[in-house]
Structure formats: C-alpha cells, structure tokens
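Asks: Take a look at this one; I'll ask things after.
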Amino acid sequence: MTILENVSLRDRTTFSVGGQARFLVEVHDETELKDAVAYAKEKGLAYLPLGGGSNVLVSDDGYDGLIIVIHMKGIERVDDPDGRHARLFVSAGEDWDSFVAYAVKESLWGVENLSGIPGTVGASPVQNIGAYGSEVKDTIESVRAYDCENECIVELSNAECEFGYRTSIWKRERVHPLIVTRVTYRLSRRATPKLSYKDLALYFEREGVLNPSLEHIRSAVLEIRAGKFPDLSAVGTAGSFWKNPTVSQIVYRELVLRYPGLPSFPAHDGAVKLPLAWILDRVCNLRGHTHGRAALYENQPLVLIAFPGCTSFEIESLVSHVSSLVHHTTGIVIEREVVNIG
Ligand SMILES: Cc1cc2nc3c(=O)[nH]c(=O)nc-3n(C[C@H](O)[C@H](O)[C@H](O)COP(=O)(O)OP(=O)(O)OC[C@H]3O[C@@H](n4cnc5c(N)ncnc54)[C@H](O)[C@@H]3O)c2cc1C
C-alpha cells in the first residue's frame, strides 16, 4: 500500500476542477482498505472513498485528508436453481458500464437501462443510480461493506440500504462509515424489458420495434445518452447537478396554473416529481446560461459543465445563482445530487 502525497484530484474526477488531496491511496482488496482506514485514524486524518470521481465536485482548496480510491476487481456469476435468475457478485472497483455490458452479453436482464452511466460498481448503491425508468435498487440483493467505525465487514440487505430517489444509507450518514467492497445483483434470465420511459418508448416506436433485444435496448440507451451529455474529453461535468424536486399535489396544482404544460411524474406517498430541466429552461430561461467558465449545458440544462481552467468557485457561483432564481421564481428549493469534496 503506497500513500501518495499532494495528488491532483482534478485528474481523478470527471468535473476536472479543484485542488489536491493531501494524501491518496489506491486499495485493491479489503485488507488494503482496512490498512488505509487504520492509517487515517492513527494520523487523525479525515478520509473518503472515491470511485470514478463522476459525481463529485472538489473544492479549489483540495481535500485535507486521505482519499481512498477503490480499485477492487472481479465478477462472479452463480445461477439460481430456479433457472430464472443469476446472482452476480461484483467487486466495488469494477467499472459500472463494463459490468452492464457484461450482463447484456450474458443475456441477463435488469441493468440495461442503466447503460452508459460513468463510475464504479461500488458507488452504484450510494445514490441509487437511475435512468430511463430503472433504478439500481431493483436489482441489488445485498451490499458488502467495511464498517470503518466498528472495524468489521458487514453485509447489508436491500432493505438495510434504505434506498430512495437518488439516495440511500450512504447519503444519510454524512461521515461515510461504510465503504462498499462488493455488490450482489440479482438479474433475470428471462426477458423483463422496461420501455415505458418516454425517450425509450419513442425510440422504439420510430424504429418500429415491438420487442427489442437486450443488446438493442443497451444501444438505444447509449445513443439517447450521447445526445444528452457532453463529450467528457472536451468539458468537465458530473452529469445532472441537481435532483428533480418533489412537491405535494397542492403545490403542483398551483405551479401548473402558473406554468401550463409543466410535466410531472408520480413520486412516493402521492407526491409529484417535477423535471427540473423543464423549469430551468421554460420558466427560468437558463438553458446555456454561462458564468465565467461554468455553464448549463445547451442540450440538457440540468447538466452543469466546466470549461478548461474552470474553478470550483465559478461553479458554486453559478449553482447559487440558479438555486436562488428557481426559489425566487417558483418557491421550490432545489437539492444537489453532486457530492462536495473539501
Ligand atoms: C456524464 C455523466 C452522466 C451521468 N449520468 C447519470 C445517470 O444517468 N444516473 C445517475 O444516477 N447518475 C449519473 N451520473 C452520476 C455518476 O455517474 C453516478 O453517481 C456514479 O454512480 C458515481 O460513481 P463514481 O464511482 O464515479 O463515484 P464517485 O464520484 O467517485 O463518488 C460519489 C460518492 O460515492 C462515494 N463512494 C464512491 N465509492 C464508494 C464506495 N466504494 N463505498 C462507499 N462510498 C463510495 C464517494 O465518497 C462520493 O460521496 C452521471 C455522471 C456523469 C459525469
């Protein structure tokens, strides 16, 4: 285990902004992970796990602690005796989209709509990644993690992960005492397509395909996503910066009177989820809005982009402008999806 000092985090995140980590270590198995956490505790350092760095914003001042980069690899498949499902035991450092490609190649259903999401398997339960009508919680059977406080390995059932819309136990516990080392997915060996999401439904309607194959769904999702997200080699981004807000039925009825055509989706307990991109675009007129070297992406205003040389200060200024404008105009308080480091 090699502890590196003063490592640029800009190069390890898709936003490509921010300062250095005072210390950084790459861990390849649970023993190295335990040693890394023990090192941080012994030195009195703050510590934080990092996967692919695709959902974080690093401050210009960097991180005054130990960043633990999760590099554990391996996928193991065990078929259920019922012949209908397979369990996949996937190490936390595996690339998420490579895992999806693997599942599709193995003719296993359940994660194909989540094709193309950057990052690692270990981070997939953290914000319960979701896209195109699917959420990863529906395929996760359990999560193996290192409990840094009690210094032991634990296995959390799906219910114990407390999944919700872009949230889980990892989001609720601010101190990150549980570091994911492996995720067990239960995928279906029988076709279970989920095609009701508008963009996907329209895609297959246009193609005139009623029963698309697993490969076809994956390639459709990748094609649709390519039009929604910028080229990561040209600009930095962490994808959608904010969550879609959830409001009560009463608030929704008031809003739709003011903004006719405001779309809505059913959320938990009778609440209503609103597409923030629509509000940013049609209500606040913010599509493409630029602040210094930070901007809202033309093709999808929920996606915040950073041009080369951008600082976290410029991003935070844009974020506070957008948040205040949305609040001032609609009364809605918007919540970030992206995690701050430092
Ligand atoms: C272009 C683009 C498109 C995106 N599209 C989507 C999308 O469609 N849907 C969606 O849900 N997300 C999307 N995202 C966000 C992001 O890809 C996901 O949140 C992803 O799961 C982050 O994985 P990561 O390994 O990069 O996590 P990181 O960014 O490295 O970490 C994110 C958080 O998870 C914690 N963490 C990381 N690894 C572990 C671990 N092993 N144990 C415990 N905590 C850990 C970190 O401490 C941090 O708090 C997108 C991002 C980009 C850049």
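The values are calculated or read from the model by the stated rules, or taken from the named source; none is laboratory data. Worth saying up front: this structure is predicted, and the values here are computed from it rather than measured. Here Cβ is always computed from backbone atoms with ideal geometry, including for glycine, and neighbour counts include all displayed protein chains. The protein model used for the area step is the full one, side chains on, heavy atoms only, and it has no ligands, DNA or RNA in it. Shrake-Rupley method; radii C 1.70, N 1.55, O 1.52, S 1.80 Å.
Asks: Starting from the Cα of Glu207, step 7 Å toward the Cβ, then list every residue of segment 218-238 with an amide N under 13 Å from that point.
Replies: Flagged as within label range: 218-225.
Asks: Which helices, taking whole DSSP H runs in the chain, have alpha carbons extending 18 angstrom or more along the helix axis plus mean Kyte-Doolittle at least -0.5?
Replies: Answer set is 214-228, 312-330.
Asks: With just the Cα atoms defining each centre, how far is segment 263-329 from segment 98-126? Give it in Å.
Replies: 27 Å
Asks: Just the accessible area per residue of the chain, please: how many Å² with a 1.4 Å probe?
Replies: Heavy-atom SASA per residue in the chain reads 46 Å².
Asks: When the helix-only estimate is applied to the chain (DSSP H runs of n ≥ 4, each -39,500 (n - 2.57), divided by the residue count), what is the mean residue ellipticity at 222 nm, nearest 500 deg cm²/dmol? Numbers along the way, then the final one.
Replies: Values: 7 runs with 82 residues, N = 342.
Helix contribution divided over all residues of the chain: -7500 deg cm²/dmol.
Asks: I would also like to ask the following. First select every other residue whose beta carbon is under 14 angstrom from the beta carbon of His28; then total the charges, Lys and Arg +1, Asp and Glu -1.
Replies: That sum, taken over residues with Cβ under 14 Å, equals -3.
Asks: If I model a spin label at Ala38 and Asn340 as a point 7 Å from the Cα along the Cα→Cβ vector, what separation in nanometres do I get?
Replies: Spacing of the two 7 Å Cα→Cβ label points: 3.4 nm.
Asks: Find out how many positive minus negative residues lie around Ala267, taking Lys and Arg as positive, Asp and Glu as negative, among other residues whose Cβ is under 14 Å from that of Ala267.
Replies: Summing Lys/Arg as +1 and Asp/Glu as -1 gives 0.
Asks: If I model a spin label as a point 7 Å beyond the Cα along the Cα-Cβ vector, how far apart are those points for Leu222 and Ser324 in nm?
Replies: Placing both labels 7 Å along Cα→Cβ, they lie 4.4 nm apart.
Asks: Is there a quick way to get the dipole size of segment 258-336? I mean about its Cα centre, with the Cβ of Lys and Arg at +1 and of Asp and Glu at -1; what is the value in debye to the nearest 20?
Replies: Numbers: 6 positive and 6 negative charges, 34 e Å.
With Lys and Arg at +1 and Asp and Glu at -1, about 160 debye.
Asks: Using unit Cβ charges (K, R positive; D, E negative) and no other charged atoms, how large, in debye to the nearest 20, is the dipole of the chain about its Cα centre?
Replies: In total the dipole reaches around 980 debye.
Asks: How much length would be gained if the chain were fully extended between Ala234 and Arg190, taking 0.36 nm per residue of separation minus their Cα-Cα distance, in nm to one decimal?
Replies: So the extension gain works out to 11.9 nm.
Asks: Got a number for carbon plus sulfur as a percent of segment 302-342's accessible area, 1.4 Å probe?
Replies: 63 percent
Asks: Within segment 75-188, what whole-number % of the accessible surface is contributed by carbon and sulfur, with the 1.4 Å probe and all protein chains included in the calculation?
Replies: 46 percent
Asks: Using a/c under 1.5 as the rounded threshold, could you call the chain rounded, prolate or oblate? The axes a ≥ b ≥ c are square roots of the C-alpha gyration tensor eigenvalues, and prolate needs a/b larger than b/c, oblate otherwise.
Replies: Verdict is oblate for the chain.
Asks: Let me ask you something else. Rounded to whole Å, give me the distance from the Cα center of segment 155-221 to that of segment 1-39.
Replies: For segment 155-221 versus segment 1-39, the Cα centre distance is 28 Å.
Asks: Full-extension gain between His268 and Thr31, please, as 0.36 nm times their residue separation minus the C-alpha to C-alpha distance.
Replies: Values: separation 237, 0.36 × 237 = 85.32 nm, distance 3.99 nm.
Full extension of this stretch gives 81.3 nm more.
Asks: Follow-up question, since we're still on this one. Using a simple charge model, +1 on the beta-carbon of Lys and Arg, -1 on the beta-carbon of Asp and Glu, nothing else, what dipole does segment 168-312 show about its Cα centre, in debye to the nearest 20?
Replies: 500 debye
Asks: Grab the chain and count how many Lys pairs have their alpha-carbon atoms under 19 Å apart, sequence gap of 8 or more, or different chains.
Replies: Pairs that pass both the separation and distance tests number 14.
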